[in-house]
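**Student:** My questions will all concern the structure given below.
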Amino acid sequence: MSLPRSVAEILAEHVTFELEGIDRMYLNAYVPRLQHEKGVVHFFVLHRGKVVASSALMNPITKKFVADIEAFAKRHDVPLIRFQKGQRKDDVAKEYLAEFDDDEGVMFIGKAQEKCSLFRTVTRHNPETGKRYPALAPSTAIVNHYYFYCVDRDFGPFFLKYCSYFPYTPKLCFNGHEYLKRQLDKRGVAYEALDNGLLSCEDPKRAQQICDRLSPAKIEAFFRRWMRWLPYPFTHKDRQAGYAHQLSIWQAEFSLTQVLDRPVTGRIFFEEVIRENLDIGRPGQVQLIFDRRVSKRTPGRFRTRVITEGVIPSLHLDYKRTRIKQYHKEGRALRTETIINHTPDFGIGKLLHNLPALRRVGFSANRRLLGVQRVSHDCALGEDAFRQVTQPLVVDEQRVSALRFDDPRVQALLSALLLFVLLPRGFSNRDLRQYLAPLLGLDPGQLTQGKMTYDLRRLRLHRIIERIPKSHRYRLTPCGLRTALFMTRVYNRVLRPGLADVTPVAPASGSPLRSSFDKLDRAITHCCARAKLAA
(Lines give C-alpha, C1' and ligand atoms only; values in the text may rest on other atoms or scores of the structure.)
Protein backbone atom coordinates (compact mmCIF):
# COMPACT_ATOMS: atom_id res chain seq x y z
CA MET A 1 0.00 0.00 0.00
CA SER A 2 1.49 3.37 -1.04
CA LEU A 3 1.54 6.37 1.26
CA PRO A 4 -0.84 9.26 0.50
CA ARG A 5 0.86 12.42 -0.74
CA SER A 6 -1.77 15.12 -0.33
CA VAL A 7 -4.48 16.27 2.06
CA ALA A 8 -7.10 15.81 -0.67
CA GLU A 9 -6.02 12.20 -1.21
CA ILE A 10 -6.14 11.44 2.52
CA LEU A 11 -9.68 12.81 2.89
CA ALA A 12 -10.93 11.18 -0.31
CA GLU A 13 -9.34 7.73 -0.15
CA HIS A 14 -8.13 6.95 3.37
CA VAL A 15 -11.17 7.71 5.57
CA THR A 16 -12.87 4.45 6.57
CA PHE A 17 -15.64 5.89 8.78
CA GLU A 18 -17.03 9.39 9.26
CA LEU A 19 -19.38 10.80 11.89
CA GLU A 20 -20.64 14.34 12.47
CA GLY A 21 -22.34 15.16 15.75
CA ILE A 22 -22.56 17.19 18.93
CA ASP A 23 -19.76 16.37 21.34
CA ARG A 24 -19.95 18.10 24.73
CA MET A 25 -22.66 20.62 25.60
CA TYR A 26 -22.61 22.90 28.62
CA LEU A 27 -26.01 24.46 29.32
CA ASN A 28 -26.86 27.23 31.73
CA ALA A 29 -30.24 26.95 33.49
CA TYR A 30 -31.58 30.23 34.84
CA VAL A 31 -34.82 31.81 36.06
CA PRO A 32 -35.38 34.80 33.71
CA ARG A 33 -37.37 36.79 36.28
CA LEU A 34 -34.61 36.51 38.91
CA GLN A 35 -31.73 37.93 36.88
CA HIS A 36 -32.17 41.54 38.07
CA GLU A 37 -32.95 43.37 41.32
CA LYS A 38 -36.54 44.30 40.46
CA GLY A 39 -37.37 40.69 39.66
CA VAL A 40 -35.98 39.51 43.01
CA VAL A 41 -37.97 42.21 44.85
CA HIS A 42 -41.08 41.09 42.99
CA PHE A 43 -40.43 37.47 44.01
CA PHE A 44 -40.20 38.20 47.74
CA VAL A 45 -42.66 41.08 48.10
CA LEU A 46 -45.45 40.41 45.60
CA HIS A 47 -45.16 36.64 45.18
CA ARG A 48 -44.19 35.51 48.70
CA GLY A 49 -45.86 38.42 50.50
CA LYS A 50 -42.87 39.76 52.46
CA VAL A 51 -42.75 43.37 53.65
CA VAL A 52 -39.34 44.11 52.18
CA ALA A 53 -36.87 42.22 49.97
CA SER A 54 -33.63 41.38 51.70
CA SER A 55 -30.81 38.84 51.46
CA ALA A 56 -31.88 37.67 54.93
CA LEU A 57 -34.96 36.12 53.29
CA MET A 58 -32.69 34.00 51.07
CA ASN A 59 -30.91 32.32 53.96
CA PRO A 60 -33.79 30.02 55.04
CA ILE A 61 -34.27 28.86 51.42
CA THR A 62 -30.55 28.12 51.15
CA LYS A 63 -30.45 26.16 54.42
CA LYS A 64 -33.45 24.07 53.39
CA PHE A 65 -31.95 23.39 49.94
CA VAL A 66 -28.61 22.24 51.42
CA ALA A 67 -30.45 20.08 53.99
CA ASP A 68 -32.49 18.51 51.17
CA ILE A 69 -29.28 17.65 49.28
CA GLU A 70 -27.72 16.01 52.33
CA ALA A 71 -30.94 14.11 53.06
CA PHE A 72 -31.12 12.95 49.43
CA ALA A 73 -27.56 11.62 49.61
CA LYS A 74 -28.29 9.77 52.84
CA ARG A 75 -31.64 8.39 51.65
CA HIS A 76 -30.24 6.99 48.38
CA ASP A 77 -26.86 5.98 49.84
CA VAL A 78 -25.04 8.38 47.49
CA PRO A 79 -21.47 9.43 48.48
CA LEU A 80 -21.19 13.14 49.34
CA ILE A 81 -17.57 14.24 48.91
CA ARG A 82 -15.64 17.51 48.91
CA PHE A 83 -13.38 18.15 45.91
CA GLN A 84 -9.83 18.96 46.90
CA LYS A 85 -8.05 22.03 45.55
CA GLY A 86 -6.46 21.24 42.19
CA GLN A 87 -8.29 17.93 41.88
CA ARG A 88 -9.69 17.14 38.43
CA LYS A 89 -13.39 16.45 38.80
CA ASP A 90 -13.47 14.35 35.60
CA ASP A 91 -10.85 11.98 37.03
CA VAL A 92 -12.94 11.47 40.15
CA ALA A 93 -16.03 10.86 38.00
CA LYS A 94 -14.21 8.20 35.94
CA GLU A 95 -13.32 6.28 39.10
CA TYR A 96 -16.95 6.26 40.27
CA LEU A 97 -18.23 5.42 36.78
CA ALA A 98 -15.96 2.37 36.59
CA GLU A 99 -17.65 0.98 39.72
CA PHE A 100 -21.22 2.04 38.88
CA ASP A 101 -23.31 -0.94 37.71
CA ASP A 102 -26.84 0.52 37.52
CA ASP A 103 -28.45 1.55 34.24
CA GLU A 104 -29.42 4.91 35.75
CA GLY A 105 -28.84 6.86 38.95
CA VAL A 106 -26.62 9.26 40.88
CA MET A 107 -23.00 8.09 41.20
CA PHE A 108 -21.91 10.68 43.76
CA ILE A 109 -22.36 14.31 44.84
CA GLY A 110 -19.31 16.57 44.93
CA LYS A 111 -19.00 19.85 46.80
CA ALA A 112 -16.62 22.68 45.82
CA GLN A 113 -16.32 26.37 46.60
CA GLU A 114 -16.53 28.52 43.48
CA LYS A 115 -17.24 32.11 42.54
CA CYS A 116 -20.76 33.03 41.47
CA SER A 117 -23.09 35.99 40.91
CA LEU A 118 -25.66 36.72 43.62
CA PHE A 119 -27.57 39.53 45.33
CA ARG A 120 -26.61 41.31 48.56
CA THR A 121 -28.42 43.81 50.76
CA VAL A 122 -26.78 47.24 50.57
CA THR A 123 -27.59 50.60 52.15
CA ARG A 124 -28.67 53.40 49.83
CA HIS A 125 -29.66 57.04 50.42
CA ASN A 126 -32.74 58.85 49.19
CA PRO A 127 -31.41 61.81 47.16
CA GLU A 128 -34.30 64.05 48.27
CA THR A 129 -34.71 63.23 51.96
CA GLY A 130 -31.26 61.85 52.70
CA LYS A 131 -32.75 58.87 54.55
CA ARG A 132 -31.05 55.50 54.35
CA TYR A 133 -32.88 52.41 53.13
CA PRO A 134 -31.92 48.77 52.37
CA ALA A 135 -31.82 47.60 48.76
CA LEU A 136 -30.67 44.59 46.78
CA ALA A 137 -27.66 44.89 44.49
CA PRO A 138 -25.82 42.36 42.29
CA SER A 139 -22.53 41.12 43.65
CA THR A 140 -20.19 38.12 43.58
CA ALA A 141 -19.02 35.71 46.27
CA ILE A 142 -17.35 32.34 46.71
CA VAL A 143 -19.98 29.84 47.85
CA ASN A 144 -20.53 26.09 47.84
CA HIS A 145 -21.56 24.42 44.59
CA TYR A 146 -22.96 20.89 44.48
CA TYR A 147 -22.11 18.61 41.55
CA PHE A 148 -24.55 15.76 40.90
CA TYR A 149 -22.66 13.20 38.80
CA CYS A 150 -25.27 10.90 37.29
CA VAL A 151 -25.92 8.30 34.60
CA ASP A 152 -29.02 8.56 32.41
CA ARG A 153 -30.45 5.58 30.52
CA ASP A 154 -30.69 7.69 27.32
CA PHE A 155 -27.84 10.22 27.66
CA GLY A 156 -25.24 8.26 29.60
CA PRO A 157 -22.90 10.00 32.10
CA PHE A 158 -23.54 13.70 32.83
CA PHE A 159 -23.39 16.16 35.68
CA LEU A 160 -25.69 18.86 37.01
CA LYS A 161 -24.06 21.62 39.05
CA TYR A 162 -26.10 23.71 41.50
CA CYS A 163 -25.08 26.95 43.15
CA SER A 164 -26.21 26.76 46.77
CA TYR A 165 -27.09 30.46 46.98
CA PHE A 166 -30.01 32.43 45.56
CA PRO A 167 -31.08 32.32 42.71
CA TYR A 168 -29.56 28.78 42.65
CA THR A 169 -28.40 28.75 39.03
CA PRO A 170 -27.68 25.18 37.80
CA LYS A 171 -25.48 24.12 34.89
CA LEU A 172 -25.95 20.92 32.89
CA CYS A 173 -23.13 19.15 31.05
CA PHE A 174 -23.58 16.07 28.84
CA ASN A 175 -21.85 14.43 25.88
CA GLY A 176 -23.59 13.81 22.56
CA HIS A 177 -21.38 10.84 21.76
CA GLU A 178 -22.43 9.12 24.99
CA TYR A 179 -26.04 9.72 23.96
CA LEU A 180 -25.25 8.09 20.62
CA LYS A 181 -23.73 5.00 22.26
CA ARG A 182 -26.77 4.54 24.50
CA GLN A 183 -29.13 4.78 21.53
CA LEU A 184 -27.09 2.28 19.49
CA ASP A 185 -27.13 -0.13 22.45
CA LYS A 186 -30.92 0.15 22.65
CA ARG A 187 -31.26 -0.64 18.95
CA GLY A 188 -28.79 -3.51 19.04
CA VAL A 189 -26.39 -1.86 16.57
CA ALA A 190 -22.80 -3.05 17.06
CA TYR A 191 -20.02 -0.46 17.24
CA GLU A 192 -16.44 0.00 18.43
CA ALA A 193 -15.90 2.91 20.83
CA LEU A 194 -13.24 5.57 20.42
CA ASP A 195 -13.00 7.47 23.72
CA ASN A 196 -15.97 9.89 23.40
CA GLY A 197 -16.69 8.83 19.83
CA LEU A 198 -16.94 5.83 17.53
CA LEU A 199 -14.14 3.99 15.74
CA SER A 200 -16.51 1.91 13.62
CA CYS A 201 -20.19 1.02 13.35
CA GLU A 202 -22.02 -1.73 11.50
CA ASP A 203 -24.70 0.79 10.43
CA PRO A 204 -22.99 4.19 9.87
CA LYS A 205 -26.12 5.72 8.33
CA ARG A 206 -28.19 4.87 11.42
CA ALA A 207 -25.51 6.34 13.71
CA GLN A 208 -25.51 9.61 11.75
CA GLN A 209 -29.32 9.79 11.89
CA ILE A 210 -29.24 9.43 15.68
CA CYS A 211 -26.72 12.29 15.93
CA ASP A 212 -28.82 14.49 13.64
CA ARG A 213 -31.97 13.87 15.68
CA LEU A 214 -30.56 15.04 19.01
CA SER A 215 -32.99 17.95 19.24
CA PRO A 216 -33.65 20.74 21.75
CA ALA A 217 -36.90 19.00 22.73
CA LYS A 218 -35.07 15.79 23.72
CA ILE A 219 -32.47 17.75 25.71
CA GLU A 220 -35.23 19.76 27.44
CA ALA A 221 -37.14 16.60 28.39
CA PHE A 222 -33.94 15.01 29.74
CA PHE A 223 -33.24 18.08 31.91
CA ARG A 224 -36.81 18.36 33.25
CA ARG A 225 -36.93 14.69 34.20
CA TRP A 226 -33.86 14.97 36.42
CA MET A 227 -34.96 18.30 37.89
CA ARG A 228 -38.11 16.56 39.15
CA TRP A 229 -36.09 13.84 40.89
CA LEU A 230 -33.16 15.77 42.35
CA PRO A 231 -33.50 18.31 45.21
CA TYR A 232 -34.93 21.61 43.96
CA PRO A 233 -34.78 25.00 45.76
CA PHE A 234 -38.13 26.39 44.57
CA THR A 235 -41.54 25.14 45.58
CA HIS A 236 -44.29 23.87 43.28
CA LYS A 237 -46.14 27.15 43.89
CA ASP A 238 -43.07 29.11 42.77
CA ARG A 239 -42.86 27.14 39.55
CA GLN A 240 -46.58 27.60 38.89
CA ALA A 241 -46.06 31.36 39.24
CA GLY A 242 -43.42 31.33 36.48
CA TYR A 243 -40.26 30.96 38.56
CA ALA A 244 -38.89 27.99 36.65
CA HIS A 245 -35.52 27.45 35.04
CA GLN A 246 -34.90 27.85 31.31
CA LEU A 247 -31.97 26.39 29.38
CA SER A 248 -29.47 28.49 27.46
CA ILE A 249 -26.35 27.39 25.60
CA TRP A 250 -23.17 28.27 27.45
CA GLN A 251 -20.74 26.14 25.43
CA ALA A 252 -21.31 23.74 22.53
CA GLU A 253 -18.80 21.51 20.75
CA PHE A 254 -19.56 20.32 17.21
CA SER A 255 -17.25 17.57 16.01
CA LEU A 256 -16.41 15.78 12.78
CA THR A 257 -14.62 12.46 13.33
CA GLN A 258 -12.91 10.86 10.32
CA VAL A 259 -11.38 7.47 11.10
CA LEU A 260 -8.24 6.83 9.02
CA ASP A 261 -7.05 3.51 7.65
CA ARG A 262 -3.61 3.67 9.31
CA PRO A 263 -1.95 5.79 12.02
CA VAL A 264 0.74 6.93 9.56
CA THR A 265 -1.98 8.51 7.41
CA GLY A 266 -2.91 10.83 10.25
CA ARG A 267 0.69 11.81 10.83
CA ILE A 268 1.12 12.65 7.14
CA PHE A 269 -2.06 14.75 7.28
CA PHE A 270 -0.82 16.85 10.18
CA GLU A 271 2.66 17.27 8.73
CA GLU A 272 1.18 18.69 5.53
CA VAL A 273 -1.56 20.73 7.20
CA ILE A 274 0.70 22.35 9.78
CA ARG A 275 3.29 23.21 7.14
CA GLU A 276 0.71 24.79 4.83
CA ASN A 277 -1.69 26.41 7.29
CA LEU A 278 0.26 28.24 9.97
CA ASP A 279 -1.50 31.42 8.73
CA ILE A 280 -5.01 29.93 8.90
CA GLY A 281 -5.82 32.14 11.90
CA ARG A 282 -5.46 35.41 9.98
CA PRO A 283 -8.69 37.43 9.86
CA GLY A 284 -8.90 36.94 6.08
CA GLN A 285 -8.71 33.17 6.42
CA VAL A 286 -11.08 33.05 9.39
CA GLN A 287 -13.76 34.80 7.36
CA LEU A 288 -14.08 31.90 4.94
CA ILE A 289 -14.21 29.29 7.67
CA PHE A 290 -16.94 31.01 9.67
CA ASP A 291 -18.56 32.95 6.81
CA ARG A 292 -18.48 36.10 8.95
CA ARG A 293 -17.30 39.60 8.10
CA VAL A 294 -14.13 40.56 10.00
CA SER A 295 -13.07 44.20 10.26
CA LYS A 296 -10.73 46.27 12.41
CA ARG A 297 -13.55 46.68 14.92
CA THR A 298 -14.16 42.94 15.32
CA PRO A 299 -13.28 42.01 18.94
CA GLY A 300 -11.25 39.02 19.99
CA ARG A 301 -8.04 37.33 18.92
CA PHE A 302 -7.34 35.72 15.57
CA ARG A 303 -4.49 33.26 15.82
CA THR A 304 -3.24 29.83 14.95
CA ARG A 305 -1.54 27.64 17.55
CA VAL A 306 0.23 24.34 17.05
CA ILE A 307 0.32 22.42 20.33
CA THR A 308 2.27 19.21 20.73
CA GLU A 309 1.52 16.67 23.45
CA GLY A 310 4.27 14.05 23.31
CA VAL A 311 4.70 13.48 19.58
CA ILE A 312 1.09 14.24 18.55
CA PRO A 313 0.52 17.78 17.22
CA SER A 314 -2.82 19.58 17.21
CA LEU A 315 -3.94 22.69 15.34
CA HIS A 316 -5.96 25.39 17.15
CA LEU A 317 -7.73 28.32 15.49
CA ASP A 318 -9.24 31.19 17.51
CA TYR A 319 -12.08 33.47 16.33
CA LYS A 320 -13.54 35.82 18.94
CA ARG A 321 -14.63 33.45 21.73
CA THR A 322 -14.85 30.44 19.42
CA ARG A 323 -12.15 27.83 18.81
CA ILE A 324 -11.58 25.18 16.19
CA LYS A 325 -9.44 22.30 17.37
CA GLN A 326 -8.00 19.68 15.03
CA TYR A 327 -6.07 16.69 16.35
CA HIS A 328 -5.22 13.02 15.80
CA LYS A 329 -7.52 11.19 18.22
CA GLU A 330 -5.94 8.11 19.81
CA GLY A 331 -3.74 7.76 16.72
CA ARG A 332 -6.73 6.47 14.73
CA ALA A 333 -8.99 9.34 13.71
CA LEU A 334 -8.85 12.93 12.56
CA ARG A 335 -11.06 15.01 14.87
CA THR A 336 -12.10 18.50 13.74
CA GLU A 337 -14.06 20.28 16.45
CA THR A 338 -15.65 23.72 16.61
CA ILE A 339 -16.21 24.97 20.17
CA ILE A 340 -18.64 27.90 20.43
CA ASN A 341 -18.52 29.75 23.74
CA HIS A 342 -20.66 32.79 22.85
CA THR A 343 -23.52 32.30 20.40
CA PRO A 344 -24.09 36.07 19.73
CA ASP A 345 -20.70 36.05 17.94
CA PHE A 346 -22.71 34.55 15.05
CA GLY A 347 -25.89 36.56 15.51
CA ILE A 348 -27.63 33.62 17.22
CA GLY A 349 -29.49 33.75 20.53
CA LYS A 350 -28.45 31.73 23.58
CA LEU A 351 -31.71 29.90 24.28
CA LEU A 352 -31.73 26.17 23.60
CA HIS A 353 -34.21 26.41 20.71
CA ASN A 354 -31.42 28.08 18.70
CA LEU A 355 -29.41 24.84 18.66
CA PRO A 356 -30.29 23.93 15.02
CA ALA A 357 -28.91 27.28 13.77
CA LEU A 358 -25.81 26.83 15.90
CA ARG A 359 -25.29 23.31 14.56
CA ARG A 360 -25.20 24.69 11.02
CA VAL A 361 -22.49 27.15 12.01
CA GLY A 362 -20.37 24.58 13.84
CA PHE A 363 -20.55 21.79 11.27
CA SER A 364 -20.09 24.24 8.40
CA ALA A 365 -16.95 25.64 10.07
CA ASN A 366 -15.47 22.13 10.32
CA ARG A 367 -16.14 21.41 6.64
CA ARG A 368 -14.88 24.80 5.53
CA LEU A 369 -11.62 24.36 7.43
CA LEU A 370 -11.02 21.02 5.71
CA GLY A 371 -11.89 22.65 2.38
CA VAL A 372 -9.33 25.41 2.92
CA GLN A 373 -6.70 22.85 3.88
CA ARG A 374 -7.50 20.67 0.86
CA VAL A 375 -7.21 23.54 -1.65
CA SER A 376 -4.23 25.10 0.12
CA HIS A 377 -2.17 21.92 -0.04
CA ASP A 378 -3.32 20.47 -3.37
CA CYS A 379 -3.04 23.46 -5.72
CA ALA A 380 -1.30 21.84 -8.71
CA LEU A 381 -2.04 23.28 -12.17
CA GLY A 382 -2.14 21.56 -15.52
CA GLU A 383 0.19 22.65 -18.30
CA ASP A 384 -2.60 24.28 -20.34
CA ALA A 385 -3.84 26.32 -17.39
CA PHE A 386 -0.30 27.44 -16.56
CA ARG A 387 0.36 28.46 -20.19
CA GLN A 388 -2.90 30.40 -20.40
CA VAL A 389 -1.87 32.55 -17.44
CA THR A 390 1.77 33.11 -18.44
CA GLN A 391 1.14 34.02 -22.10
CA PRO A 392 -0.60 37.05 -23.71
CA LEU A 393 -4.25 36.58 -24.61
CA VAL A 394 -6.93 38.21 -26.73
CA VAL A 395 -10.30 38.21 -24.95
CA ASP A 396 -13.29 39.74 -26.77
CA GLU A 397 -10.89 41.65 -29.05
CA GLN A 398 -9.04 42.98 -26.01
CA ARG A 399 -5.35 42.17 -25.82
CA VAL A 400 -4.12 41.34 -22.35
CA SER A 401 -0.45 40.99 -21.41
CA ALA A 402 0.95 37.85 -19.78
CA LEU A 403 1.33 37.26 -16.06
CA ARG A 404 4.94 36.12 -16.32
CA PHE A 405 5.95 33.58 -13.68
CA ASP A 406 9.36 35.18 -13.06
CA ASP A 407 8.08 38.77 -12.89
CA PRO A 408 8.53 40.11 -9.30
CA ARG A 409 5.48 42.33 -9.74
CA VAL A 410 3.31 39.36 -10.72
CA GLN A 411 4.56 37.35 -7.74
CA ALA A 412 3.84 40.27 -5.40
CA LEU A 413 0.39 40.70 -6.95
CA LEU A 414 -0.54 37.03 -6.48
CA SER A 415 0.82 37.04 -2.92
CA ALA A 416 -1.27 40.10 -2.10
CA LEU A 417 -4.38 38.46 -3.53
CA LEU A 418 -3.97 35.55 -1.15
CA LEU A 419 -4.29 37.93 1.78
CA PHE A 420 -7.88 38.61 0.69
CA VAL A 421 -8.65 35.28 -0.91
CA LEU A 422 -11.32 34.45 1.61
CA LEU A 423 -13.07 37.78 2.04
CA PRO A 424 -16.81 37.21 1.63
CA ARG A 425 -17.33 40.82 0.44
CA GLY A 426 -14.35 40.81 -1.93
CA PHE A 427 -11.80 43.61 -2.28
CA SER A 428 -11.51 46.93 -4.06
CA ASN A 429 -8.79 48.73 -6.01
CA ARG A 430 -7.82 50.60 -2.85
CA ASP A 431 -7.74 47.43 -0.71
CA LEU A 432 -5.34 45.65 -3.06
CA ARG A 433 -3.13 48.72 -3.46
CA GLN A 434 -2.68 48.96 0.31
CA TYR A 435 -1.20 45.45 0.51
CA LEU A 436 0.60 45.28 -2.83
CA ALA A 437 2.71 48.42 -2.30
CA PRO A 438 4.76 47.07 0.67
CA LEU A 439 5.52 43.87 -1.27
CA LEU A 440 7.02 46.03 -4.03
CA GLY A 441 8.97 48.16 -1.55
CA LEU A 442 6.74 51.17 -2.19
CA ASP A 443 4.61 53.49 -0.14
CA PRO A 444 0.89 53.01 -0.92
CA GLY A 445 0.81 56.60 -2.18
CA GLN A 446 3.41 55.76 -4.84
CA LEU A 447 1.20 53.06 -6.38
CA THR A 448 -1.36 54.98 -8.39
CA GLN A 449 -4.95 53.98 -8.96
CA GLY A 450 -4.26 53.75 -12.71
CA LYS A 451 -1.47 51.18 -12.26
CA MET A 452 -3.70 49.16 -9.98
CA THR A 453 -6.55 49.33 -12.52
CA TYR A 454 -4.16 47.94 -15.16
CA ASP A 455 -3.27 45.01 -12.89
CA LEU A 456 -6.92 44.32 -12.02
CA ARG A 457 -7.76 44.27 -15.75
CA ARG A 458 -5.00 41.72 -16.40
CA LEU A 459 -6.18 39.53 -13.54
CA ARG A 460 -9.81 39.74 -14.64
CA LEU A 461 -9.18 38.87 -18.30
CA HIS A 462 -6.95 35.96 -17.25
CA ARG A 463 -9.90 34.84 -15.07
CA ILE A 464 -7.90 35.03 -11.86
CA ILE A 465 -10.50 37.38 -10.38
CA GLU A 466 -14.04 38.37 -11.25
CA ARG A 467 -16.06 41.50 -10.60
CA ILE A 468 -18.84 41.19 -8.04
CA PRO A 469 -22.09 42.19 -9.82
CA LYS A 470 -23.35 45.72 -9.20
CA SER A 471 -20.21 46.77 -7.31
CA HIS A 472 -16.64 47.97 -7.74
CA ARG A 473 -15.28 45.04 -5.80
CA TYR A 474 -13.58 41.85 -6.95
CA ARG A 475 -13.14 38.31 -5.69
CA LEU A 476 -10.86 35.42 -6.57
CA THR A 477 -12.28 32.69 -8.78
CA PRO A 478 -11.75 29.04 -7.76
CA CYS A 479 -9.25 28.71 -10.61
CA GLY A 480 -7.63 31.97 -9.53
CA LEU A 481 -7.14 30.69 -6.00
CA ARG A 482 -5.45 27.52 -7.26
CA THR A 483 -3.29 29.51 -9.71
CA ALA A 484 -2.16 32.04 -7.11
CA LEU A 485 -1.28 29.32 -4.60
CA PHE A 486 0.58 27.23 -7.19
CA MET A 487 2.64 30.05 -8.72
CA THR A 488 3.65 31.68 -5.43
CA ARG A 489 4.57 28.39 -3.77
CA VAL A 490 6.57 27.04 -6.70
CA TYR A 491 8.41 30.34 -6.92
CA ASN A 492 9.16 30.54 -3.18
CA ARG A 493 9.73 26.85 -2.46
CA VAL A 494 11.29 25.53 -5.65
CA LEU A 495 12.84 28.30 -7.74
CA ARG A 496 14.40 30.49 -5.06
CA PRO A 497 15.73 27.65 -2.85
CA GLY A 498 16.89 25.84 -6.00
CA LEU A 499 18.88 28.82 -7.22
CA ALA A 500 20.41 29.24 -3.79
CA ASP A 501 21.39 25.56 -3.80
CA VAL A 502 22.97 25.37 -7.26
CA THR A 503 24.62 28.79 -7.03
CA PRO A 504 25.47 29.22 -3.33
CA VAL A 505 27.86 32.08 -4.07
CA ALA A 506 27.87 34.68 -6.81
CA PRO A 507 29.70 33.28 -9.88
CA ALA A 508 32.72 35.01 -11.29
CA SER A 509 32.25 37.11 -14.39
CA GLY A 510 32.01 34.93 -17.48
CA SER A 511 31.55 31.65 -15.54
CA PRO A 512 29.35 29.08 -17.33
CA LEU A 513 26.02 28.60 -15.54
CA ARG A 514 24.63 26.01 -17.86
CA SER A 515 25.36 23.04 -15.58
CA SER A 516 23.88 24.86 -12.60
CA PHE A 517 20.62 25.58 -14.38
CA ASP A 518 20.52 22.03 -15.70
CA LYS A 519 20.56 20.86 -12.07
CA LEU A 520 17.76 23.26 -11.24
CA ASP A 521 15.77 22.15 -14.27
CA ARG A 522 16.06 18.50 -13.23
CA ALA A 523 14.99 19.36 -9.68
CA ILE A 524 11.91 21.23 -10.92
CA THR A 525 11.03 18.39 -13.31
CA HIS A 526 11.29 15.88 -10.45
CA CYS A 527 9.13 18.05 -8.18
CA CYS A 528 6.44 18.52 -10.86
CA ALA A 529 6.41 14.77 -11.55
CA ARG A 530 5.77 14.08 -7.84
CA ALA A 531 2.99 16.69 -7.79
CA LYS A 532 1.39 15.10 -10.85
CA LEU A 533 1.49 11.65 -9.23
CA ALA A 534 -0.06 13.05 -6.06
CA ALA A 535 -2.87 14.67 -8.06
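The values are calculated or read from the model by the stated rules, or taken from the named source; none is laboratory data. Here the structure is a predicted model, which means the values were calculated and not measured. As a convention, Cβ positions derive from the backbone with ideal geometry for all residues, glycine included, and neighbour counts pool all protein chains shown. The protein model used for the area step is the full one, side chains on, heavy atoms only, and it has no ligands, DNA or RNA in it. Shrake-Rupley method; radii C 1.70, N 1.55, O 1.52, S 1.80 Å.
**Student:** Pop the C-beta distance of His47 and Asn429 into the FRET formula with R0 = 60 Å and round what comes out to the nearest 0.05.
**Tutor:** With a Förster radius of 60 Å, E is 0.40.
**Student:** Give me the extension gain from Gln113 to Arg463: residue separation times 0.36 nm, minus the current Cα-Cα distance, reported in nm with one decimal.
**Tutor:** Contour length minus the Cα-Cα distance gives 119.7 nm.
**Student:** Moving on to the next point. Of the peptides 194-204, 314-324, 76-86, how do they stack up when ordered by the mean number of other Cβ atoms within 10 Å, highest first?
**Tutor:** 314-324, 194-204, 76-86
**Student:** Tell me the label-point distance for the pair Asp154, Phe405, using the 7 Å Cα-to-Cβ offset, in nm and rounded to one decimal.
**Tutor:** Computed distance between label sites Asp154 and Phe405 equals 6.2 nm.
**Student:** Report the calculated FRET efficiency for Arg187 and Arg225 (r = Cβ-Cβ distance, R0 = 30 Å), to the nearest 0.05.
**Tutor:** The calculated FRET efficiency here is 0.90.
**Student:** Something else now. Give me the net charge for the shell around Ile210: Cβ to Cβ below 13 angstrom, other residues only, Lys and Arg +1, Asp and Glu -1.
**Tutor:** +2
**Student:** Heavy atoms only, 1.4 Å probe, whole protein assembly: order Tyr162, Tyr491 by accessible area, highest first.
**Tutor:** Listed by decreasing accessible area, they come as Tyr491, Tyr162.
**Student:** Taking the Cα centroid of the range 42-74 and of the range 125-158, what is the distance between the two, rounded to the nearest whole Å?
**Tutor:** 12 Å
**Student:** Another question, if that's okay. Please give the net charge around Tyr146, taking every other residue with its beta carbon less than 10 angstrom from that of Tyr146, where Lys and Arg add +1 and Asp and Glu add -1.
**Tutor:** Charge balance in the 10 Å sphere: +1.
**Student:** For an R0 of 56 angstrom, estimate the FRET efficiency from the Cβ-Cβ distance between Ile142 and Gln208 and round to the nearest 0.05.
**Tutor:** 0.80
**Student:** OK, next. Excluding residues on the same chain fewer than 8 positions from Lys131, give the lysines whose Cα lies under 23 Å from its Cα.
**Tutor:** Cross-link targets: Lys38, Lys50.
**Student:** Moving on. Could you give me the percent of Cα pairs per 10 Å distance bin for the range 205-260, shortest bin first, beginning at zero and ending with the bin that holds the maximum distance?
**Tutor:** Calculated P(r), rounded to whole percents: 15, 38, 26, 15, 5, 1.
**Student:** Roughly how many Å² of Lys205 are accessible to a 1.4 Å probe, to the nearest 10?
**Tutor:** Rounded to the nearest 10, the figure is 150 Å².
**Student:** Over 18 Å between Cα atoms: which of Lys181/Lys350; Lys181/Lys325; Lys74/Lys111 fall into that group?
**Tutor:** Beyond 18 Å: Lys181/Lys350; Lys181/Lys325.
**Student:** Given the whole protein assembly as supplied and a 1.4 Å probe, what does the accessible area of Glu70 come to in Å², nearest 10?
**Tutor:** Here the accessible area works out near 90 Å².
**Student:** At what distance in nm do the modelled label points of Leu80 and Thr129 sit from each other, each positioned 7 Å from its Cα along Cα→Cβ?
**Tutor:** 4.5 nm
**Student:** In whole Å, how far is the Cα centre of the range 328-363 from that of the range 191-263?
**Tutor:** 14 Å
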